[in-house]
């Protein structure tokens, strides 16, 4: 009854007082009809009492207990002064008792049930009448309780759905933020590395163009190579943004095997680079391999831009279940005030990106002065997973 009424209200946009008023009219009509069918002619005020049994029903949802009392009192009066004119189970009583079972507190529900059961047993003149009243009353209570449980279950499901929606929205927002940060790191690493090499070579080219034409040509070749490499990598990143489902084809992750090309481009910029990638690293997860590549690339970019060094060394080793990456140079290092290796160093966007890349795959990174306070050193430890057996797709 309640669910059908609620569904009708949602479909029609009517106030709940409308269907409840219709129920009140139906209950009043049944009560008047019962009086009219009595063998004894009844005075007008009996009809008025019959109508009064249903007058409060439109407010049954707001005050279930009060409505039950207001529906029961006129019915009791009719039963006392004109017993045969009163229905065995008044419809207004059934509706109001159902509403109490559905909407009242636990204490009120069970208290009313006890009173109704006792009243049915003591107030009915025959065993058959008492049994009929008990079955009807208890059945009404059970039905109201089932509707109550169904409503609570629906409310719980709605809350769960709302919570799930909020969590999904939060996770989606976090995923968007993480993806934006990832793209920002990629763009920074690609452009900073390439532009740094291009600027250095562009500045050196005009100086040696007359005295050493071959060196000038190599400088311009390095500029061209760096530009082409940057364009290829930018196409990969932008391709992922432009086309759905094209990530694997358009954005292959950089590999440790490509560090040789990075080192060679930096050598052309005038920096002696020693690259030592140990054999027997085993299977390296794709995210760890990409992170190691970008960390080396960014560390070399910082060396070229800021250190004033003429030599740099790259070492990649396996240490237990971790990939160890170390990039060092013989440059000016850092000021003594900040001359210590720390996990949470401060620095430019590049150093922050190194830390973020290491953390993204569950590792950690450090940066600071090199041995005996000379030069600058960047080191990272990246976990290889369960025994380092995660295979690269297609590798």
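The values are calculated or read from the model by the stated rules, or taken from the named source; none is laboratory data. Model, not experiment: these values are computed from the prediction. Please note: Cβ atoms are built from the backbone with ideal geometry, for glycine as well, and neighbour counts cover all protein chains shown.
For segment 305-316, what are the residues that are loosely packed, with under 14 Cβ neighbours inside 10 Å and touching a strand residue (DSSP E or B) at 6+ places or on another chain (Cβ under 8 Å)? Show your work before the answer.
First, the residues of segment 305-316 that are loosely packed, with under 14 Cβ neighbours inside 10 Å: 308, 310.
Listed by number, the list holds a single entry, 310.
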Any idea which residue in segment 256-280 is modelled with the highest pLDDT, counting only those that are farther than 28 Å from residue 220 by Cβ and either surrounded by fewer than 16 Cβ atoms within 10 Å (Cβ to Cβ) or over 42 Å from the mean Cα position of the chain (by Cα) (or both)? 276
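Out of 105, 111, report the one residue that is within 15 Å of residue 64 (Cα to Cα), exposed (fewer than 12 other Cβ atoms within 10 Å of the Cβ) and in the same structural domain as residue 80 (by TED's automatic domain parsing).
Numbers: 111 fails: exposed (fewer than 12 other Cβ atoms within 10 Å of the Cβ).
Every option except 105 fails the conditions.
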For segment 76-92, how many residues are at pLDDT below 85 and in a helix (DSSP H, G or I)? 8
Failed item, numbered, when residue 378 is tested on (1) at pLDDT below 85; (2) farther than 15 Å from residue 289 by Cα: (1)
Residue 210 vs (1) loosely packed, with under 10 Cβ neighbours inside 10 Å; (2) at pLDDT 70 or above: all pass except (2)
